[in-house]
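I have placed the structure first, in the form of structure tokens, so that the comments after it can refer back to it.
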Amino acid sequence: MAEAYIVALARSAGGKRDGRLAGVHPVDLAGKVIADLVKRADADPALIEDVIMGCACPGGQQGANIGRYAALVAGLPETTPGTTVDRQCGSSQQALHFAAATVMSGLQDVVIAAGIESMTRVPMGLPWTLAAKHGFGSWRSDGFNDRYGADSVITQFNGAEMMAAKYGFSREDLDAYAYESHQRAAAATCDGRFDGEIVPITITTPEGESIEHKVDEGIRFDASVEKMATMKTLQEGGVITAANASQICDGAAALLIVNENGLKALGAKPLARLHHMSVLGGDPVIMLEAPIPATQRALARSGMAIGDIDLYEVNEAFAPVPLAWAKALEADPAKMNVNGGGIALGHPLGASGAKLMTTLVSALHDRGGRYGLQTMCEAGGMANVTIVEKL
């Protein structure tokens, strides 16, 4: 079987809700990032055989198969198809897996894996909450309620509280981790470590000024544990606050995936090789715990130990997730989310999988590591795991 390689990567800087990217249609935002990706690879657009786009809320401005329309906006030939994948927060990590599997099979040689989420324009859960509001029912069926209970609380917030309680993390633990996320993201930004990833997006400010958006808008350069301690918990008696949870974010990211034939056709040099890809389901009620068994299985299947991995990207949906993952895997916290994560940089849902991979591959090159592992929790109690080898 052929190998799958990453030959180019690109992402937008994150935009806060109602922030700098709020005025950009998600189709156009994704299209701009894909166009820049193709330019970075110096690739003939006619060689790109498909665009696989992750999106966690594919409705409204992100509906009607946004993958296809983003490809057209990017200037790819009309003969280049596009499709959209929804595995909730893991959508674009799954898009990467599908793209890699396709080129490994030899069915195609050059495929773009991407992700988009404009959480300002398409609020989280809009496709199903809006449907319920207008009388079209809920995703919760009688069969689901029979298995998990009609009274079961299926929310990520509840799952985060359950994770914190199960693994013994206090409010202070979570806030300390969140503070570290901001510190790391601020240092990475100031040191220029994101410069090679970020696609500047030209926007017009409310004052009419044309500027380039190229710094992640959610980073709190003046973050302090003392300020975080003043935040109200999202549930009475709980430990989760807006400060130790990921930020609502607008963003897009894309990766160019090829096999050996694609490398030759593009004349490209690979940045990384896909070493392992898998996905696993778990308890949909606690929901956020699946990265732990998924990583354990991924390491076993790849014949690796956690000590063989140089860097980890564990999505910071909520602080208990990476903390519990590191505790259960006995992983070195100094290798995890070294440039900050979703708490500081934002979590643009369906774009985060591709976004984290751009950062992981860049960090491996920056720090001279060999293997990187990425995983993230996903609604419904699922987790993707990807292990890459830097080349």
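The values are calculated or read from the model by the stated rules, or taken from the named source; none is laboratory data. Because the structure is predicted, anything quoted here is derived from the model rather than measured. Don't worry about glycine lacking a Cβ; one is built from the backbone with ideal geometry, like all the others, and counts go over all protein chains shown.
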Quickly run through segment 169-220 and pick out the residues that are in a loop (DSSP other than H, G, I, E, B) and either modelled with pLDDT under 95 or more than 21 Å from ASP36 (Cβ to Cβ) (or both). PHE169, SER170, ASP191, THR205, PRO206, GLU207, GLY208, GLU209, GLY218, ILE219, ARG220
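Among the acidic types (Asp, Glu), at pLDDT 95 or above, closer than 26 Å to ILE112 by Cβ and touching a Gly at 6+ places or on another chain (Cβ under 7 Å) - does that describe any residue in segment 360-371? Show your work before the answer.
Filtering segment 360-371 for residues among the acidic types (Asp, Glu) gives 366.
Retained after the next criterion (residues that are at pLDDT 95 or above): 366.
From what is left, the residues that are closer than 26 Å to ILE112 by Cβ are 366.
Restricting the remaining residues to those that are touching a Gly at 6+ places or on another chain (Cβ under 7 Å) gives none.
No - not one qualifying residue is present in segment 360-371.
Among the candidates SER105, SER91, single out the residue that is surrounded by fewer than 18 Cβ atoms within 10 Å (Cβ to Cβ), polar (S, T, N, Q) and in contact (Cβ under 8 Å) with a residue 60 or more places away in the chain. Walk me through it before giving the result.
Numbers: SER91 fails: surrounded by fewer than 18 Cβ atoms within 10 Å (Cβ to Cβ).
Going through SER105, SER91 in turn, just one is surrounded by fewer than 18 Cβ atoms within 10 Å (Cβ to Cβ), polar (S, T, N, Q) and in contact (Cβ under 8 Å) with a residue 60 or more places away in the chain: SER105.
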Is at least one residue of segment 282-300 surrounded by fewer than 18 Cβ atoms within 10 Å (Cβ to Cβ) and over 23 Å from the mean Cα position of the chain (by Cα)? yes
The number of residues in segment 50-61 that are in contact with a Leu (Cβ under 9 Å, 6 or more places away or on another chain) and either surrounded by 19 or more Cβ atoms within 10 Å (Cβ to Cβ) or assigned to a loop (DSSP other than H, G, I, E, B) (or both) is 7
All conditions in (1) basic (Lys, Arg); (2) closer than 30 Å to GLY237 by Cα; (3) under 24 Å from the mean Cα position of the chain (by Cα) are true of ARG121 except (2)
What is the one condition in (1) without any contact (Cβ under 8 Å) to a residue 12 or more places away in the chain; (2) part of a strand (DSSP E or B); (3) among the β-branched types (Val, Ile, Thr) that THR230 does not satisfy? (2)
Looking at segment 15-50 only, could you name the residues that are touching an Asp or Glu at 6+ places or on another chain (Cβ under 8 Å) and closer than 22 Å to TYR69 by Cβ? GLY15, LEU21, ALA22, VAL24, PRO26, LEU29, LEU47, GLU49
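Collect the residues in segment 308-322 that are surrounded by 24 or more Cβ atoms within 10 Å (Cβ to Cβ) and among the hydrophobic types (A, V, I, L, M, F, W, C), keeping them in residue-number order.
Taking segment 308-322 first, the residues surrounded by 24 or more Cβ atoms within 10 Å (Cβ to Cβ) are 311-322.
Matches in segment 308-322: LEU311, VAL314, ALA317, PHE318, ALA319, VAL321.
How many residues are assigned to a strand (DSSP E or B) and aliphatic (A, V, I, L, M) when one looks only at segment 356-388?
Residues flagged as assigned to a strand (DSSP E or B) and aliphatic (A, V, I, L, M) within segment 356-388 amount to 7.
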Please enumerate the residues belonging to segment 119-150 that are outside any helix (DSSP H, G or I) and hydroxyl-bearing (Ser, Thr, Tyr). THR120, SER138, SER141
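Residue-by-condition table, conditions (1) closer than 23 Å to ALA265 by Cα; (2) not in a helix (DSSP H, G or I):
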| position | (1), (2) |
| --- | --- |
| ALA22 | no, yes |
| ALA43 | yes, yes |
| ARG68 | no, no |
| LEU72 | yes, no |
| GLY75 | yes, yes |
| GLU78 | yes, yes |
Would you point out which residue out of ALA188, ALA242, ALA229 is hydrophobic (A, V, I, L, M, F, W, C), closer than 25 Å to VAL321 by Cβ and buried (at least 21 other Cβ atoms within 10 Å of the Cβ)? ALA188
Residue list for segment 323-341, restricted to those being surrounded by fewer than 23 Cβ atoms within 10 Å (Cβ to Cβ), assigned to a helix (DSSP H, G or I) and among the small types (Gly, Ala, Ser): ALA326, ALA328, ALA334
